Structures are given as C-alpha cells and as structure tokens.
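Report on the structure given below.
The values are calculated or read from the model by the stated rules, or taken from the named source; none is laboratory data. Quick caveat, the model's predicted, so the values are computed rather than measured. Counting neighbours? That spans all protein chains shown, and the Cβs are built from the backbone with ideal geometry, glycine included. All accessible areas refer to the heavy atoms of the entire protein, side chains included, with ligands and DNA or RNA removed. Shrake-Rupley method; radii C 1.70, N 1.55, O 1.52, S 1.80 Å.
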Amino acid sequence: MAHAMTVPESGHAPRPRKAPMPPVLRAFLWAAIGFLLLNTFVIAVDPFRGHPFVTGPSVVFGWVGAAIGWLLGIGLYDAVLLPLMGFPTRWQERQQGWRRYWEFATDHKVIGLQYMMFAVGGFLIAGGIAMLMRYELMTPYLTIFHYPSNYLTAVGIHGTLMMFSFATVFMIGGLGNYFVPLMIGARETVLSKLSGIGVWLVPVGILTVLFSPLLGEWSTGWRGYEPLAGQDANGILFYYLGVLALTMSSLIVALNLVATVMFRRAPGLTWGRLPLFVWGQVTVNLLMLIWFPEIQTTFVMALLDKVVPLNFFTATGSPLTYLMLFWLFGHPEVYIIAVPAFAIWNEIIPVMAQKSLFGRQWAVIGLVFVMMLSGLVWAHHMFTNLRNSEILPFSFFTEMISIPTGFAYMSAIGTLWKSKVRLNTPMLWILMSMFNFLIGGLTGVFLADPIVNLQLHDTFWVVGHFHYTIIGSMVFSGFGAIYYWLPKLSGRTFNETWGKTLAIITFLAFNLTFSQFFLLGLHGMNRWVPAYPAYLQPMNFEVSIFAFILGAAFLGNILYIGYCWRNGAQAGENPWGAKTPEWFTSSPAPRYNFPVQPEIVGSLYLYGEGTKVPVVTTALGELAATSRATQDPQFDWHDYAPDGGGVTS
Amino acid sequence: MGENVVFAVLWVVFSVLGEIGDRVIIRHNPMYYIVSNQGQLALQAFNFLLVVLTPVFVFVVLFLVFTMVRFTTKRGEMPPANKRFAIDNKAFVLVWVGGSIALNLLFFLHPTTSAMEQMFALDQPAANTHDLVVDVTARQWQWIFSYPQYGLTQTLTPNGQNLLELPVNVPVKFVLRSYDPYHTYDQYADVIHSFWVPAFGIKEDVIPGETRYEYLTPTAITSYAVNPMVRVQCAEVCGPGHPWMESPLAVVSDQQFAQWVKAQKALANG
Amino acid sequence: MEYESPKDEKTPNTENSEENQWSRRQFLVGTAAIGVAGAVTLFGRQSLVNAARSVFGSPVSSGTVHLYAYDYYYIPNYMTWRVGDRMEVIFQNQSHTHWHEWTMGRHVNEAYFQAFGNLPADAWQEDFWDGVPVTLSDPYGIDNFVPNQAIVTYVGPKAAYNIQSGGDFSPTLKPGGSLHLSFTVPNKPGLWDFGCFVQQYIHYRTGMRGQVMILPA
Ligand code: HEM
Ligand SMILES: [Cu+2]
Ligand SMILES: [Cu+2]
Ligand SMILES: [Cu+2]
C-alpha cells in the first residue's frame, strides 16, 4: 500500500495545538448557529400571529444559514476560504486513514466513496421507510401510521430520498467520481475543491428531507404537485430545500465530470475510444446540466408561492403549469438514473466474456439518442389531464424512445452470443438487471399507449413499472458494478458462493414483490393510500412479506460487501483481465491515480487474436504501480515520478 | 450454426407456449372486470400489446437463460483468448433496428392511434345528442353528483353518502369540475382529483378552474356489491382524505333508474 | 475503507499521531448523540410529553387562553381547566388555506363508509357545550357558527356570526379568522375531547384533535 508523501506547509512552524474538533461535529455546531442567527433575525422582523419561534419564512432563511454554517464547518472555511483570501490555514489534506472520509477532501476517489457512503445511507433510510409503508399496507386500515398524512409524508420521504439522494447519486456522484478520472487516465478532476465541498450537500439534503415532519406533514409525495403543495403544512418547505441541496450537489458532479472528460483525457484517448461507462456518465451529466437548473428554478418558485406567498402555480386556472415543469425535468431524471446502468452492462460483459464488444457505436448512439429524446416525452405522465389533441404526439415519442433503449440490449446480446462468459457474481447481477429492466420496459409500452394508460395511470401498475425500471437498472447494475470493481476499490475480493447466493435471493425477492404490483394495479389498487378496500388485502399482505425479505436481502448484500472490503481475500491487480485504464495502476489507486501519465494506444473493447494491451505506462511507471508498491510499504510513487507526481500546490 | 437453429426453435416453441398462456389470461380478463365501452377499448389494446410483446419477452429471456446454459465457462476458468470476434453483423443489426422501428410504428398506429380515434369519436358532440348528463363535482374529499336533466342537485344513499347511479347501455356525459360549492370564498379551496371507476377502464383528472368531459356507456347491470371495482375512486393524491375519497356506484336497468330518480326527487323535496 | 496497519498508527508523523488528530471517540459519541436526539424529535415527542404530563401534571389554564388551528392540528392540543374558573378562549385559525372548527365532547359516532365499513368521526354523542352559557365576541372571518344546545350571548351584530343549525356547538373560522369565547367552566369534570370535523371529518381523522382535562373545583 502506497504510503503517500506529505508536503509540510512551509513558512509556519507546527505550533503545539489541541486536537481539533471532528469536522462533522463542528459542521453541526456551525449549522445550529447559522440556523439560530437567521431564524431569529427573520422572526424579529417578520413575526406571526401568536409569536411562534419558527415560521415558514423564518425556517427558510434559517435553513440557508444552517447549510452555509454546515459547509463552512466541514471545510469550506479553512480549506477553501482562508487560502483563497491569502490567510494561513491549519488545513492539510489527509492522505490516508478512515478520517479522510469524514472531512473535506479533494481526491476524487475519496469524494466518490463519500458519495457512495451517503447514497447508501439515503438508501437504507428510505428503504427502512419502505418497510414501514409495506407494514402499513398489510392491512386495509391504518395501523402503525396513525393518520393518513403520516403515511403520505412517509411515501414522499421514501420517494424523494430514493430519487435524489440515492438513484441520482450512487452511480454518478459515487461511481462516476471514482471511476471516470481513472478510466480516462486522468490524475485528478478539474474542479476538485468544488467537488469536495459539493459532496457535503448530500447529508444536508438527506437530513432536511428526513426531518421535514418536524415542520408538519406534507401529502404530495415526491412530485410536489400544485395546488395541493400550496395547501400543505410547512414540512413541504424542507422537501423543496432538501431537493435543492441534493440537486445542487449532483449539478456540481456533472459540471466537474464533464469538464474532466473534456480536458483531462489521457493522450490517445479519443472520443472514439472513450470507455462506455464514461459515455454513459457524460450523456447523463449533460442531461443534468440542462434539467437540474430547470427543476431548481421550479422549486424556488413553488417555495416562494408558499412563503411570500405568490401565485406562480396556485392561481386558479393554472395548476398544470407546475405539472409540466416537474415532468419536463422528471422524465430526463429517470434516464439520468437508467443510462449509466446500460453503460455498465456493456462495460462488464466484454470483460467477463473476454470477447470484443459488439456494435460499440450502436451502444453509444443508443445512449446519446435516449438522452436527446428524453426531453420530448414528459407529458406521457399527464395523459389523464392533458388536452386530447396533445396526447398522440407525446405517445409517439414515448414509443420511439424504446428503440435507442433497445440498442443497449442489442450490443449486449451480440457480445454474449457464442461467447464463453464467466458467470460470476458481477455477471449474474448484470444478467438479472437485463431481465428486470426488460420487464420495466415492456410494462412501460403498455403505459405509453394512452387508452391503456387512462386505466393504469396512478395505480400500482405504475408503481411496479418504475420500481422495475429503477431497481432493475440502477440497483441491480449498481450491485454488479460494486462486485466488479471491489478489487479495484479495496484491493480485496469476495467469495463467489456468497456473492451468487445473495444475488439470487435478492432477485427472487424483488420479482416476487414487484411483479404482484402489476396485478394489484390491474385489480384497482390506487396509489398513495394507507387504507384501501378490503378485497385487496390478501395480495397486499403477501407482497409485504416478500418486501421484507427483499429489504433483508439488500441489507445482506451491503453488509457482505462491507465485510469483504475489510476482510476479503487479497485480489489480483487486474483480476478480470479488463482492458480499461483503471486497471493499469495499483488497487486502490494511489493519490493522483497513475505513477506517470498513461497513454492509450488501442481500443479498450477488442479481445482475441492480434489485439494489444491498449494502455501504456512507461517502464518506470509499470514498475512503480505494480511490483514495488506491493513489496515496499514505504514506497511512494512521487519519488519516482519525473515531475514530482503532479503535486503542484 | 447449431446454436442459431437451437435458439430459433426454442424461441418459436416458447413463443407459442407464451401465446397459449396469453389466451388463458385473456379469457380470464387481465383487467379483472370491465363494464363500459371505453374500458373495452382499453382492454382490447392491452390484449393486443400482450400478444405482440410476448415473443419479444420470450426472445430476451430465452437469450439470458441460453447464455447461462450454453455460453459460459466452467467455474474458475478463463474464457479462451485465441479467437477473433465479430464486432458487427449487418444482418443482425438491420433486423434488430428495423424490427424495433417497425414494431413501435405498428404500436403507434394500432392500438395507440386507432383506439384514440375511437375514443375521440365517442366524444364528438354529434355522437352525444341524447346523453345522460351527470355533473361530477370533486371537492376535498368527496364526490358530489347532480343530474341537471332531472333537477337533482345531490344524490345520496340512505346512509347519507353521495351516490352515482347510471342506467345501463345509455351513453353518459360526465361534466367534471373541482371546486368547493360550500366555500366559494376560498380561491385555493381545491386541488387536482382524478375521477376513476376501475370497472369502467378510464380515469380523467378533475382540475380546479377547468371543466372537462368524459363520455362512456356502461354495458352491464352491476354495483359495488357485485364487484368492488365498481366504485368511484379518487386516483390523484389530494391530501390526507385521499384514500377515503370514494363513492358507491350502481348501474341499473332503465326502469330502476326512473324509479330511483323519483325517489331522489322525493327525498330532495321533503 | 483502506486497511490501516497498526504500524502506520505509530509512525512518528505529525499527521498520523493520535494527539493531533480529531478524536475518534468525540466523533462517534457526538454523531451518535445527534442521531439519538434526531430520532427522539422525530418519533418520541408525543410519548415524552405524555410521560412528563403523567409525572408532573399539566398547569391549569385560566383567564385568557389562545387556541390556534393549523392544518391539521391544534396548538395547544392539551389543556387543563378547573370548574368555576372564568375563561376567555381566543380561537384563531392560522391556516392560509383551510377553514377549521372547534367542537368539544365525548364519544365520536361512527360514519358508514362504503369500501371501508364504519369509520370514526361524525359528531360527538355528548356535546360539552350543552346548556353552557357562553359569550361570543370579536368575530372575524367566521365561516359559520352552530350554537346547538349552548346558551349563547352575542356581542355586536349577529350577522357577523353567520349562525346556522345542525350538528355540535361549533364555531368555524375562515383562514385567518378569529373569535373570542368567554365562559365559566361548567361543572362537567373529567377528560373531554375536542376536534375539527370539517371536510368529511378528514381533519379529525388526520389528527386535528386534542383533549381538555377538567378538574373539580
Ligand atoms: C426496498 C424495496 C422497496 C419497496 C418495498 C418499495 C415500496 C414502495 C411503495 C409501497 C411505494 C408507495 C406507492 C404508492 O402508494 O404510491 C413506493 C413509492 C416509491 N418508491 Fe419505492 N420501494 C422500494 C425501493 C425503492 C427504490 C430503490 C427506489 C428508487 C431508487 C424507489 C422509488 C420510489 C418512488 C420514486 C416512489 C414514489 C413516491 C411517490 O409516490 O411520491 N423505491 N415504494
Ligand atoms: Cu417519463
Ligand atoms: Cu381526490
Ligand atoms: Cu380543521
């Protein structure tokens, strides 16, 4: 393991000092101070009848104060602002140890892991809430949720956290931050400080949404439909603000990754050679850069509607405006979640089969066309409230989008055909993901047909459909990717029997749970109901049992991966025989990734006779990255690197 | 060559089995219980999609299973490396891309456009000259039904619940509005609801500030007691009362309907 | 995370020496404490309040008392009165969007609901205000007022109260409305419920309710 060099700050002698406060605690403290300052100020200038200490306007300003305090406390102050203003700072980037994951960092690998860590936290919280929801739905009357508004708030928190703090974050902020620079042979990202700050907006967003019930229950679910949202208690303010923080974080990721791919590709890594996973990330990053500002603007307007109050969306006669603006973002959002998964399929399959990727250009074209069409289909979520004359065009584009989506399948099938593939755990997850997404996609064809949609819209058919697409694509491929890259992330590997057993249990539990959602929907089960007619109980009861097994299976996988991360068997440097650049450095990669700048000299997806190793590092680099590092614990690649290892600051 | 043939044969066999399964499903009505002409359109479209998509589903699933059975190495073995691999196959790409375009164009023409044209035709004023008109008012959190042609402003069950009753085989024009007739001072008083009778196979949102129409003909005498899908249910979340925003519904014969109207009138007048 | 060998911990390097690190114990204890505090505020408030009330009792309110209606809850949702005290309850609707009422009694009736059988909340079997003399004043934004069996004195023009009949004693306020109710606590000791039954009783069903404990004189 590389023992990285630390560059002592020149100029000031290390003075004796008492141990600093853990940054996370300092961030909490500063956030509390920020909240109190601004909230009290607003209450003083804008009191409300009865003088409550917290009102809608005061809590919005207080939240802004808390968010700023949190970011300053976590590192914005001493790692960014002080140096920026030319003041001395005690901050030094930590190079190793667990502590660096709990403070401000600029290494994209640390940031990537922070994103994954927070995303998994969001997944566990939202998943726990899903278990409570399923418990409630075991009976046709209210049980653990005393009031329907509690249940509806739970549905809203579940959906919001799953979408904005997990589905959008794990693959892009997490895997994207970690692997995009490695896969393009870059040694760091372009906006590394901004990125290091941005990741700390994720816990802000998760906690904000989670604690929204403190301000009152909200009933809209994750879509925040107006004019209902205008009636909800102040809890909905924390939905807007939490999503604002989470989307801001993801926006920073998108900006950083697009800039990095544009400016930091290794020599020889042309756009034509760009790894598929990176193509997937770039296309969704562009979608995020286009649509996240749009939804943020919409949410700010909805927030102002509520606290000022204004009438952007709540005025009589204009309730569809908000719906349009929401889905204008909302449909691209589902592709933001799914496209990285398609890219992962065709990243892992050629490696496991040691067979050239079939129709690479089609796989890429598919991703890009999905990205472009995704902005043309939003109103398929509105067939029940759209003008009749607008239904057919949106139905047309919706049906057409399945064509480029199919290209991901075409490439995968072409590659696997007559191959000899290793059916190991990552591969199994990928095949399962292809199966699940197939069901998600085919049930979507029914929904794209307006006459059928008018019956199935807002029923459990839709709930089944989107869980199949989201979990099928992003969660199953995400597990595949983590098992695939575990040796890279931790230098360790897992046990095939355990890995496969867990995968199969998850697959069965998932399908037994969600396939029945389709039947429930056809049988008249509508969404957002904690109480329903009694004839639907038997199936709901049984679905809940499978849902609990599914929850346990997800938890089991996460725990097992965590266990292997620390205690798994030592993995080889390139255990799968992959050709993409991330495998041409030690595992985990050192700070600045590669001993020397690697060069790409061939296609990353060609295997078999006459193909060459596509990544070239100098002989010195090869030596440094692999053999020396594993033998000499004091080894530091900076010592070997001609330019001092790219340490510039 | 061997694999291609085996795969093709299996695909055909399983597709046929799948189609037989579809027949069984269709016989048992995949939408469980549908009793309106509009719902019949939805059901036909659903069945058509089911039948056409079955071979697609079988193709991909069979391929995934085939891969696991035929295209794998033994555990712990590396794939053989000394081969050249096709990275393109014009015929396969052409069939795939052309096929998916053709399939989606087909779906757009039928059932999408054809069914929508039928629905729009049902909605034409010319086709609706002798409709029964029912004003449906959605307010948080109840449905209020009135029959302007009969001078009934709010029809109720003996329990005091709002009740929708319709004669069988008579075209109905629903006039959908969302507002609170008792609290007109409040411009924010109401929200988007969705008027859904599961057994009619259609829902339309009810939007404050808009008047919307829905046309259909109930095709069987039935009621909530016969099948619980025969109920008016709000399908768009509208606040804490959303789960309870529902109403009983009965489809009756012409004579029974006439009697019911008389009884409701008597109730309203005294 | 990355495996950290014990050897690393001992290297005499400023960065790695424990003294200059932030404390692991502080970090764990601090975040755990914040987590527990968070969980208690989310789930445990009502239980804490109930426990405190059963241990310490709750102070008797008399004189002028504010009762605020929000969507869909009251502040306060628990009060203690004493028989014979003079009270002035200022009932105020803080909602921007919904009208709310204040009814008080015992034992809710059940309402028939077709898909769901019977559900609670229709009206009180016993109306607290039956036979109670009460003076209403300062009406503002009154949606309607039902006196039922109470003995009501109206201050100012009656039209402002929009008096209706049917149902329990219930002042209903428009968003932002308010009303003063002055009365002497009648000799009806024990625990009474209050609640808001508007909009198909959904306010009550979604938690718009509270209790008054009336102590004997
Ligand atoms: C752990 C297994 C899961 C279970 C058992 C589960 C269950 C549910 C249930 C019962 C609903 C409520 C449906 C309704 O009444 O409208 C729901 C809604 C939802 N779920 Fe899940 N879910 C799970 C995982 C996920 C995941 C992984 C995601 C996304 C990454 C997700 C995203 C959503 C969304 C967006 C909604 C809609 C919320 C709304 O209506 O506002 N769920 N889920
Ligand atoms: Cu969409
Ligand atoms: Cu509704
Ligand atoms: Cu109320």
If we keep only residues of region B:147-203 that are surrounded by 23 or more Cβ atoms within 10 Å (Cβ to Cβ) and among the charged types (D, E, K, R), then the residue nearest to A:E226 (Cα to Cα) is B:D190
Do we find a residue being in a helix (DSSP H, G or I), open to solvent by 50 Å² or more (accessible area, probe 1.4 Å) and either of a type outside the set (S, T, Y) or modelled with pLDDT of 95 or more (or both) anywhere in region A:577-592?
no
Matching entry among A:L323, A:L357 (being within 28 Å of the chain's Cα centre (by Cα), within 16 Å of ligand 1 (Cβ to nearest atom) and facing chain B (nearest Cβ under 9 Å))
A:L323
Scan of region A:381-398 for residues that are open to solvent by less than 10 Å² (accessible area, probe 1.4 Å), within 7 Å of chain B (Cβ to nearest Cβ) and under 30 Å from the mean Cα position of the chain (by Cα), ordered by number
A:S395
Name the residues in region B:96-113 that are more than 7 Å from every other protein chain (Cβ to nearest Cβ) and open to solvent by less than 40 Å² (accessible area, probe 1.4 Å), would you?
B:V97, B:G98, B:G99
For region B:235-270, enumerate the residues that are within 16 Å of ligand 3 (Cβ to nearest atom), within 25 Å of B:N37 (Cα to Cα) and in contact with a Ser or Thr (Cβ under 6 Å, 6 or more places away or on another chain).
B:A235, B:E236
Conditions (1) of a type outside the set (G, A, S); (2) open to solvent by 20 Å² or more (accessible area, probe 1.4 Å); (3) at pLDDT below 95; number of the one not met by A:L72:
(3)
Can you tell me which residue in region B:236-270 is farthest from B:Y179 (Cα to Cα), limited to those that are within 16 Å of ligand 1 (Cβ to nearest atom) and surrounded by fewer than 24 Cβ atoms within 10 Å (Cβ to Cβ)?
B:W244
State yes or no: is C:F27 open to solvent by less than 30 Å² (accessible area, probe 1.4 Å), within 16 Å of ligand 3 (Cβ to nearest atom), free of Cβ contacts under 8 Å to residues at least 60 places away in the same chain and over 30 Å from C:A217 (Cβ atoms)?
no
Output yes when any residue across region C:98-119 is within 16 Å of ligand 3 (Cβ to nearest atom), hydrophobic (A, V, I, L, M, F, W, C) and surrounded by fewer than 19 Cβ atoms within 10 Å (Cβ to Cβ), and no when none is.
yes
For region A:307-336, give me each residue that is within 13 Å of ligand 2 (Cβ to nearest atom) and open to solvent by less than 10 Å² (accessible area, probe 1.4 Å).
A:L323, A:F326, A:F329, A:G330, A:P332, A:E333, A:I336
Within region C:47-80, track down each residue that is open to solvent by less than 60 Å² (accessible area, probe 1.4 Å) and in a helix (DSSP H, G or I).
C:A51, C:A52, C:R53
Exception for B:Q161 within (1) over 19 Å from B:K203 (Cα atoms); (2) away from ligand 3 (no atom under 16 Å from the Cβ) falls at (2)
Residue satisfying condition, being farther than 30 Å from B:P248 by Cβ and away from chain A (no Cβ under 14 Å), within set C:G141, C:G131:
C:G131
Cβ-Cβ under 7 Å, sequence separation 6+ or interchain: first residue in region C:177-204 and within 16 Å of C:V132 (Cβ to Cβ) and within 14 Å of chain B (Cβ to nearest Cβ), partner within 16 Å of ligand 4 (Cβ to nearest atom) and among the acidic types (D, E). Which pairs?
none
Could you check, for region A:143-154, whether at least one of its residues is farther than 28 Å from A:G224 by Cβ, modelled with pLDDT of 95 or more and small (G, A, S)?
no
For region A:436-457, which residues satisfy the criterion of being among the hydrophobic types (A, V, I, L, M, F, W, C), touching a residue at least 60 places away in the same chain (Cβ under 8 Å) and under 30 Å from A:Y607 (Cβ atoms)?
A:F437
Selection from region C:116-165 of residues that are of a type in the set (S, T, N, Q) and more than 24 Å from B:G160 (Cβ to Cβ):
C:T135, C:S137, C:T153
Reported set for region A:399-418 where residues are among the aromatic types (F, W, Y) and either open to solvent by less than 30 Å² (accessible area, probe 1.4 Å) or within 7 Å of chain B (Cβ to nearest Cβ) (or both) is A:F407, A:Y409
Among helices (runs of 4 or more DSSP H) entirely inside region A:131-215, those with 2 or more residues being surrounded by fewer than 24 Cβ atoms within 10 Å (Cβ to Cβ) and more than 14 Å from chain B (Cβ to nearest Cβ) are A:192-198, A:201-210
Which numbered condition A:Y335 misses (of (1) within 14 Å of another protein chain (Cβ to nearest Cβ); (2) modelled with pLDDT under 95)
(1)
Output the residues belonging to region A:497-545 that are at the interface with chain B (Cβ under 9 Å from one of its Cβ atoms), open to solvent by less than 50 Å² (accessible area, probe 1.4 Å), in a helix (DSSP H, G or I) and more than 13 Å from ligand 1 (Cβ to nearest atom).
A:L522
Filter result (under 18 Å from B:W196 (Cα atoms) and touching a Leu at 6+ places or on another chain (Cβ under 9 Å)) within region A:531-548:
A:A531, A:Y532, A:L536
Output for region C:86-103, where each listed residue is away from ligand 4 (no atom under 11 Å from the Cβ) and more than 9 Å from chain A (Cβ to nearest Cβ):
C:R86, C:M87, C:E88, C:V89, C:I90, C:F91
Take residues that are farther than 20 Å from C:T97 by Cβ and more than 9 Å from every other protein chain (Cβ to nearest Cβ) and tell me which of the strands (runs of 3 or more DSSP E) falling wholly in region B:159-238 contain 3 or more.
B:164-167, B:172-178, B:212-216
